Amino acid sequence: MSSLFFWEAGPIHVYIIWFIVLIAQIGIAEINRRWNWTIFVLWTGIGIAALPWVFYKAAPIIGWFPVGKYLLMVATATMTGALLVYGKRHPVKAHRIAIWFGVLLWIGLVANIMEANIRDLTIYFQADQYYACAADWQCLKGINDTHSVDMLNGLPETRGIAAAVGTTEWYQALAANFQARHIGIDPATGFRTIGGYWNIMSAVAGLLNCITVTGIGKIFVTSNKKQKVKGLIWVDMVWPWIIAYDLWNHAFLYNALADYTWYCTLALLLACTIPAFWWAKGQWIWFRCFTLMFWIAFNNWLPQIAAKPGPMMNYATMNPTANIVSSGAALIWNVALFVFWIYLIMKTHRNPLVTPLFMEMKAFRTVVREHCDDRDKYFITDMVPETPTQLGFEPESTEPPVDGFVGYMPWWGKEDKRYPKPRTPLAADPGLVEKGVQSDPQWDSTSV
């Protein structure tokens, strides 16, 4: 069959299904963003209620790795939704503890990446076992014997086998096809895979992607009244990092779950990247969370459709060159981002965790202009020497508002360590005053 390099060309219906999956993922995440109660009904309530089904019905089909991912995503989706709701209802407190918003989101994000890195390394070190299993008809038979559905019939290697499905001769012919193509199979999941040095490349790219996460101390909810939909804004997640993540995630999944990447990378990554580049700028983390939640839930709730070989599948070509290209691109981009990250830290002397790092970028300014009023524009810059005006944020006033938001880090204790320049008075946050935090009044703004 002709190929699209990464995947087989496939029949027309897989393109139709792909488009439906893409739209459904974006639609669900957008619904969750606009009507937050749907998060807690769909992902928290139904997600938890579905656990018995997932444990007893899905796990025997898809294995425990996707089930673990499901548990992690139910917790992450609930937490992300709760942060947005809390930020809407308690804006002063939310800005005071913005660093904890960032830490929680960082943990959810990095836990997903590191879990994937471990899987990449596992494939590398167990590659010989996977190849051996695929070439052993008894191991192949064992896969189907330990799964509640047939995980093999329908794979590309089964095409052209004349023996009756499920017979010894059929398994022997299948093993011969796997061996001839030098393709491995995970005996625990029944998923085709090929291991090699590209797994190491991908894992390194993933680690660098974790390191270059920036600006976790300045995550907030839209304050610009012109925006009808309030979003959870991680403003420092601009396009260099998003592309680095997308390239890494495609590489990892192509290494680990190649046959499912037609949907879980090509559709899933576009479902969060398109909104972040178009109508929901600064909200990539939101769409990544809820599009991934949708896909993981689909796989765990309907594993007979999502995991079992069938008409929905558009299979990977299992060409090592595709793995090398994927992991190579991910590694090159993430190394370049890491070098840029170090350069900016040295040039600006900013703390990449506490403050945003990419404030001079056009994409950053666009997010600020669309989602911030003056309170947030001065909040973003209260720990750096530059002012919103100097950074091109176009504030309405050249003075910080007296009723603005006060940035604070828990390790400061009772000292206000914002940058010594005109800033919103500490009195704007009664919680910090009650805590006994001391501020130098010479920098207090009097602008209303």
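As a calculated quantity, the FRET efficiency between residue 53 and residue 446 at R0 = 56 Å, using C-beta atoms, amounts to about 0.40. Cα centroid separation, segment 335-408 to segment 124-191: 54 Å. Segment 203-257 and segment 38-84 have their alpha-carbon centroids 22 Å apart. Counting 0.36 nm for each residue step from residue 92 to residue 79 and taking away their Cα separation leaves a gain of 2.8 nm. Look at 315, 254, 15 and count the other Cβ atoms within 10 Å of each Cβ; fewest to most, that gives 15, 315, 254. Taking a straight line from the alpha carbon of residue 69, these lysines sit under 26 Å away, with near neighbours fewer than eight places off in the same chain left out: 57, 308.
Longest stretch of the chain clear of exposed loop sites (GluC sites (Glu not before Pro), DSSP loop, at most 15 other Cβ atoms within 10 Å, sites excluded): 1-359. Projecting the Cα atoms of 355, 155, 329 onto the charge dipole of the chain (Cβ charges, centred on the Cα centre) puts 355 farthest toward the positive pole. Computed from point charges on the beta carbon alone (+1 for Lys and Arg, -1 for Asp and Glu), the dipole magnitude for segment 176-250 about its Cα centre is near 500 Debye. Under a model in which nothing but the beta-carbon of Lys, Arg (+1) and Asp, Glu (-1) is charged, segment 1-135 shows a dipole of about 800 debye around its Cα centre. Extending 7 Å from Cα along the Cβ direction at residue 122 and again at residue 64 yields two label points whose distance is 0.9 nm. Ordered by the number of other Cβ atoms lying within 10 Å of each residue's own Cβ, fewest first, 397, 327, 223 fall into the sequence 397, 223, 327.
In a fully extended conformation the segment linking residue 111 and residue 351 would gain 84.2 nm over its present Cα-Cα distance, using 0.36 nm per residue. Put simply, the amide H of residue 185, placed in the peptide plane, has neighbours under 5 Å in 131, 133, 134, 193, leaving out anything fewer than 5 places away on its chain. Any number yet on Rg/Rh for segment 373-443, C-alpha, Kirkwood? Reported Rg/Rh, Kirkwood definition of Rh: 0.95.
Give me, ordered by chain and number, the residues 5 or more places off residue 224 or on other chains with an amide H under 5 Å from its own placed amide H. For residue 224, whose amide H was placed from the backbone, the distant partners under 5 Å are 372, 373. Taking the chain as the reference, fit the longest principal axis to its C-alpha atoms, fit the long axis of helix 197-211 to the helix C-alpha atoms, and give the angle between the two in degrees, 0 to 90, nearest 10. The angle comes out at about 20 degrees. Okay, which of segment 229-256 sit inside 20 Å, backbone N to the point 7 Å along the Cα-Cβ direction of residue 396? Counting backbone N atoms under 20 Å from the label point, the list is 229-231. As a calculated quantity, the FRET efficiency between residue 129 and residue 23 at R0 = 41 Å, using C-beta atoms, amounts to about 0.55. Note that the chain carries a Kirkwood radius of 23.6 Å, evaluated over its alpha carbons pair by pair. Under 5 Å from the amide H of residue 447 lie the amide H atoms of 402, each residue being 5 or more positions distant or on a separate chain, with H modelled from the backbone and absent for Pro and chain starts. Given a Förster radius of 60 Å and the C-beta distance between residue 34 and residue 414 as r, what FRET efficiency does 1/(1 + (r/R0)^6) yield to the nearest 0.05? It comes out at approximately 0.90. With neighbour counts taken as other beta-carbon atoms within 10 Å, the residues 421, 435, 347 rank, fewest first, as 347, 435, 421. Structural size metrics of segment 99-156, computed from C-alpha coordinates, are Rg and Dmax of 17.8, 54 Å.
Helix 284-301 axis versus longest C-alpha principal axis of the chain: approximately 30°, rounded to the nearest ten. With angles folded into 0 to 90 degrees, how steeply does helix 98-125 sit against the dominant principal axis of the chain? Use alpha carbons for both and round to 10. For 98-125 against the chain, the angle is about 20 degrees.
Computed from the coordinates by the stated procedures, all read-outs in this text should not be read as laboratory data. Predicted, not measured: the structure shown is a model, and the values here were computed from it. Please note: Cβ atoms are built from the backbone with ideal geometry, for glycine as well, and neighbour counts cover all protein chains shown.
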